[in-house]
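Below: the structure, in structure tokens.
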Amino acid sequence: MKALVIAESADAARELSAGARTMADEVVLATFGEAPEAVADKVAVIAVPEGAIVDDAADTLLALADAEGVGVVLVEPTRHLKTVAGKIAAAKGTSTITDVMSFADGAASALYFGGVAERALKPSTDFAVYTVGSGAFADAAASGANEAVSVDWVAPAKAVELVSVAPVQKSGVDLNKADVVVAAGRGFSEEAQLDMARELCDKIGGGLGCSRPLTEGVDWLPRETYIGVSGLMLSPKVYVSLGISGQMQHMVGANRSGMIFAVNKDKNAPIFKQCDYGLVGDIVDVLPALNAAL
Amino acid sequence: MEIAVLFKVVPDDQDIQVKADRTLDFSKAKPKVSEYDLNAIEEAAQLAAANPGSKVVAITVGPKSIDDSKLKKNVLARGVDELVMVADDSLDGLDAYATAAALAKAVESAGSFDVLLAGDGSADNYAQQVPVQLACVMGLPVVTAATKVDVDGAAATIERTLEDAVETVRVALPAVVAVTPDIALPRIPGMKDILAAGKKPAAITAEQAPVACATEVVSCLAPESADRKLVVLDAKADGAIDEFAAALKAAL
């Protein structure tokens with residue numbers, strides 16, 4: 001069987017190509033820029049025409065999949081490529097199995113209800129489409145001659161027109177790579193109180209993230225620092241949760257941390273059943289004292 | 001303008017219990033509108049308000065249990081004019097492929113629409129695939145991750161917020177548009193809205209020809225919980241903050 005890997009980032013291109021090698025005899029990689037060296041048997045660089053969106057590359061990639069006789073498609077779970085995956089799946093009469101964390105015995109494991117459970121899913125069709133998160137194939141090694149395949153753009157029947165693109169201003173902190181993460185939640189009632197969390201970050205060398213309420217609605221912290229379902233899924237060495245109740249939707253993004261520390265004023269908050277060390281108290285009283293003690 | 005807003009009814013995740021064998025028990029979980037679909041419903045209502053003479057039809061498919069009077073009123077109290085529901089146990093636990101097939105039929109039976117709005121992802125699967133698959137079934141263009149939608153005439157200008165960029169796109173209508181939760185904050189319906197909701201048209205039908213899923217669930221188990229120390233101290237107790245600080249320092 002042949003596998004098609006579709007990726008926007010070089011890291012995903014490399015890891016998914018390595019994973020595809022464990023599932024298929026031949027690996028075809030489709031990228032939108034330069035491909036990493038020696039990762040696949042064949043490489044197709046898709047040139048998205050000016051005024052087109054990456055999502056609309058689905059028809060081009062479908063033509064490539066058909067021409068190569070592909071049976072399984074591994075896709076990097078970006079916004080653009082999730083649309084591409086959906087369109088390819090629809091055309092092939094199947095469903096994309098999304099945000100796969102691992103594969104075992106022909107089934108793909110993914111979160112259900114944001115982590116209440118993990119489900120193992122299998123396609124009932126001959127053609128399979130998966131979006132796969134980073135880490136699923138961490139142990140696999142990529143190889144291949146990267147033989148160039150040329151691909152012509154196939155315009156979709158109803159194209160979406162790209163008018164303009166503006167880069168999002170990033171906060172500069174990549175919490176995915178941080179060893180220590182401090183997360184602020186609803187316990188912060190004023191934006192100025194976040195300075196106490198920032199001081200704690202300085203003391204322990206942590207990056208500052210948040211639960212959903214602080215980035216949605218109040219906009220106190222950048223959206224890309226939101227931890228939980230549909231946000232960041234982290235596994236730092238140390239995770240310090242401040243004023244966060246510990247609802248499952250948040251904890252799924254943090255429960256793979258090495259050690260979890262929590263401060264919350266409600267002693268019955270679910271966070272205290274999921275932490276290593278908990279401190280029951282209002283962040284307004286606790287944080288100055290904690291910062292002084294560190 | 002005719003606006004359809006697609007939503008999913010899911011069990012309330014606050015009341016999902018994990019049994020001793022790690023399987024899930026949904027028996028206490030009441031049906032509710034999947035959280036981020038409320039934002040899509042609000043955007044539909046606001047889009048209708050900005051374009052006088054518009055109509056909003058909310059559409060869903062699912063098992064018989066979604067035909068819940070409180071839930072139906074809750075949807076119709078949010079600026080929605082009509083509700084279309086296909087409630088049939090053959091539509092339980094569908095994947096994106098089967099959902100899109102059922103939804104497409106429900107949409108076609110409900111009328112013709114200029115804009116079909118959907119939420120960012122459902123609380124259960126969060127696959128973000130149904131709007132895309134529905135657009136494919138209906139032969140329509142699709143735009144996801146929308147944070148702003150402006151309709152003028154036969155096209156819409158949409159701002160979509162991606163991981164590292166904001167794209168402004170233009171799409172001919174009709175189109176399927178999946179919106180992020182940021183687009184509109186769901187309203188809290190008042191008593192008057194809820195009373196009026198009971199008088200709005202709601203069509204509840206059974207599925208005639210269900211489409212089979214393209215994926216199967218092999219297992220569904222709660223994760224084994226990580227072994228945590230669970231040392232919880234009262235901040236007011238003597239030495240509690242020092243002990244917490246010492247443990248934190250030791251962990252770094």
Globularity index of the protein assembly as shown, i.e. its alpha-carbon radius of gyration over 2.2 N^0.38 Å: 0.99
Relative contact order (%) - criterion: Cα under 8 Å, at least six apart; region: the stretch A:175-293: 25 percent
Other protein chain Cβ atoms within 10 Å, averaged over every residue that makes up A:96-105: 3
Accessible area in square angstrom per residue, the stretch B:169-252, 1.4 angstrom probe: 59 Å²
Extension reserve of the B:T157-B:A20 stretch, reckoned as 0.36 nm per residue once the Cα distance is removed: 44.2 nm
Environment charge at B:D12 (Cβ cut-off 15 Å; Lys +1, Arg +1, Asp -1, Glu -1): -2
Degrees between helix A:58-68 axis and first principal axis of chain A (Cα, 0 to 90, nearest 10): 50 degrees
Residue among B:L221, B:L83, B:L230 with the largest mean-square fluctuation in a Gaussian network model of chain B, springs linking Cα atoms under 10 Å: B:L230
Among A:67-77, B:148-158, the order from most to least packed when residues are scored by Cβ within 10 Å on average: A:67-77, B:148-158
Inter-chain Cβ neighbour average for residues B:112-125, partner chain, 10 Å: 2
Where A meets B: accessible area buried, both sides, 1.4 Å probe, Å²: 6700 Å²
Label-to-label distance, nm, for residues given as A:D25 and B:D242 (7 Å Cα→Cβ offset): 7.1 nm
Carbon + sulfur, % of accessible area of the stretch A:90-149 - ligands and nucleic acids excluded, 1.4 Å: 45 percent
Relative compactness, chain B, computed as alpha-carbon Rg over 2.2 N^0.38 Å: 1.19
Between helix B:240-251 and chain B: long-axis angle, C-alpha atoms, 0 to 90°, nearest 10: 80 degrees
Chain A - charge dipole about Cα centre, Lys and Arg +1 at Cβ, Asp and Glu -1, debye rounded to 20: 880 debye
Which listed pairs, of B:K32/B:K55; A:K122/B:K72; A:K42/B:K105, have C-alpha distances above 30 Å, in listed order: A:K122/B:K72; A:K42/B:K105
Average beta-carbon neighbours from other chains, 10 Å sphere, peptide B:168-175: 4
Whole-number percent relative contact order across chain A, with pairs defined as alpha carbons under 8 Å at least 6 apart: 15 percent
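The values are calculated or read from the model by the stated rules, or taken from the named source; none is laboratory data. Since the structure is predicted, the reported quantities are computational estimates derived from the model, not experimental observations. Reconstructed Cβ throughout: ideal geometry from the backbone, glycine too, with neighbour counts over all protein chains shown. Surface areas here come from the heavy atoms of the whole protein model, side chains and all, with no ligands, DNA or RNA. Shrake-Rupley method; radii C 1.70, N 1.55, O 1.52, S 1.80 Å.
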